[in-house]
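The structure under discussion appears below in the form of structure tokens.
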Amino acid sequence: MSESIALIVGGSGAAGHSAIQAIREYSSKTGQKWKIFSTTSGESQVEGSDKTIPLIKLEEPEGAVSNIQKFLNKENAKVEVLVYTPARGNLGYPVSETPDEDIINTAKFCLDPMLDLEKKLNPRITVGYSAYYYLPHLLTFYGSLAFIKKKMEEWALQKPETRKIIRAGTFFSQSVRGITIILQRLAKSSPHPDLQKLMEEQKASGKKFGDFFIDYIQQKENESFGKNFPSIPYRITEPNDLKVALLKILEGEKAPIVSLVGDWLWTEDKLPAMPEYLRVR
């Protein structure tokens, strides 16, 4: 039996690890052999991968894509499934006030390499990751990332047979810890009323900002989606939930967007309602 190839860009992070686990589980279920290539910005081997592509610096997207291609060519590897996990951009200010320059710079890391790899590698399926960028509590501080996540979803909707998005609730990760630190620092001196209100609520709670922020996110997610799942209690999303979503895609899910928050999972085939300033850019 021939061996299928999966490429995971950002294999060292929580989403990357969950993707590796999903492919291994899918392989066990189907009996299909899979070889997993994972990229990392460092030099350490990515746990669970068959091959690690080191020193991939997405800050330099053209060079990163070229280096990935060169590595795959040496291995004579034809990628069947491309999973793109990286997310990094300017945030800590309202989405409505995002400058064009921030959107362009964030796309260079979070979106452009994925589009370039899809074009050059022509995988059967390409999977990206999104968030609930359109909900009021994230519109307060999600900045340029909201526009990139929306663009990723638009991309998937254009060709749902081969493009998929996992839209996930907030889960503990290095990325979320980074967002928390940035948000706390910027919100203290922010002139924006919504961010000032957030800091007032944190102060009144008596909690450290990190603990308050996670509790705040959980409350908002439950308020947003709990009514749709009255018999299933809310819990915060875990990396294993991302594994479940990717398994659903690998097993043939037709919808372009697989959404999840904890045990709540559903599919979508259109963009959600969102403010006009976000929809038109």
Order the following by accessible area, largest value first: Ser12, Ser27. Probe radius 1.4 Å; ligands, DNA and RNA are ignored.
Ser12, Ser27
Do the sum for the chain: with -39,500 (n - 2.57) for every DSSP H run of n ≥ 4, divided by all residues, what is the mean residue ellipticity at 222 nm, to the nearest 500 deg cm²/dmol?
-14500 deg cm²/dmol
Give me the net charge of Phe229's neighbourhood, meaning all other residues with Cβ under 14 Å from the Cβ of Phe229; Lys, Arg count +1, Asp, Glu -1.
-2
With both bridge residues required to lie in the chain, what share of the DSSP beta bridges run antiparallel, to the nearest 5%?
15 percent
How would Thr39, Thr170 line up by accessible area, probe 1.4 Å, largest first?
Thr170, Thr39
Spin-label model distance (nm) - Lys227 vs Arg279, 7 Å beyond Cα toward Cβ
2.0 nm
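With contacts defined as alpha carbon pairs under 8 Å and 6 or more residues apart, what's the relative contact order of the stretch 232-281 in percent?
Over the stretch 232-281, the number comes to 35 percent.
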Computed curve, the chain, Cα-only Debye sum without solvent term, log₁₀ I(q)/I(0) at 0.08, 0.09, 0.13 Å⁻¹, is -0.33, -0.42, -0.89
If the chain between Val176 and Asp194 were fully stretched, how many nm would it gain, using 0.36 nm times the residue separation less the Cα-Cα distance?
4.5 nm
For the stretch 1-154, the percent of accessible surface on carbon and sulfur atoms (probe 1.4 angstrom, ligands and nucleic acids excluded) is 46 percent
In whole Å, how far is the Cα centre of the stretch 130-168 from that of the stretch 204-218?
25 Å
Degrees separating the helix 14-30 axis from the principal Cα axis of the chain, which is the longest one
40 degrees
Once the whole set of protein chains is in place, how much accessible area is left on Lys150, using a 1.4 Å probe, in Å² to the nearest 10?
0 Å²
Mind checking the angle between helix 239-250 and the chain's longest principal axis? C-alpha axes, 0 to 90 degrees, to the nearest 10.
50 degrees
Show Arg88, Arg24 ordered by accessible area, largest first, where the area counts protein heavy atoms only and the probe is 1.4 Å.
Arg88, Arg24
Tell me the accessible surface of Phe171 in square angstrom (1.4 angstrom probe, heavy atoms of protein chains only), to the nearest ten.
30 Å²
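Multiplying the sequence separation of Ser96 and Asn122 by 0.36 nm and subtracting their Cα-Cα distance, what value in nm do you get?
Gain on stretching Ser96 to Asn122: 5.9 nm.
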Considering only the other residues whose Cβ falls under 12 Å of the Cβ of Leu195, what net charge follows from Lys and Arg at +1 and Asp and Glu at -1?
-1
For the stretch 115-225, convex hull volume per residue from C-alpha positions, Å³
120 Å³
In range of the label at Ser2: residues from the stretch 50-86 whose backbone nitrogen is under 15 Å from the point 7 Å along Cα→Cβ
76-81
In whole angstrom, note down how far apart the Cα centers of the stretch 1-47 and the stretch 57-91 are.
14 Å
Kindly express, to the nearest 10 degrees and within the range 0 to 90, the angle between helix 209-225's C-alpha long axis and the longest C-alpha principal axis of the chain.
80 degrees
Need one number: % antiparallel among DSSP beta bridges in the stretch 154-281, to the nearest 5.
55 percent
Cα extents of the stretch 178-243 along the principal axes, largest first, in whole Å, come to 41, 24, 21
Leaving out ligands, DNA and RNA but keeping every protein chain, what accessible area does His17 have, in Å² rounded to the nearest 10, with a 1.4 Å probe?
60 Å²
Where in the stretch 13-56 is the amide nitrogen less than 20 Å from a point lying 7 Å along the Cα-to-Cβ axis of Lys70?
37-46, 51-56
Selection from Leu111, Asn73, Gly42, by position along the positive dipole direction of the chain (Cβ)
Asn73
Averaged per residue, what accessible area in Å² does the chain show with a 1.4 Å probe, protein chains only?
47 Å²
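The values are calculated or read from the model by the stated rules, or taken from the named source; none is laboratory data. Predicted model, so just to flag it, every value in this text is computed and none were measured. Heads up, the Cβs are rebuilt from the backbone with ideal geometry, glycines too, and the neighbour counts pull from every protein chain shown. Calculation scope for accessible area: heavy atoms of the full protein, side chains included, ligands and nucleic acids excluded. Shrake-Rupley method; radii C 1.70, N 1.55, O 1.52, S 1.80 Å.
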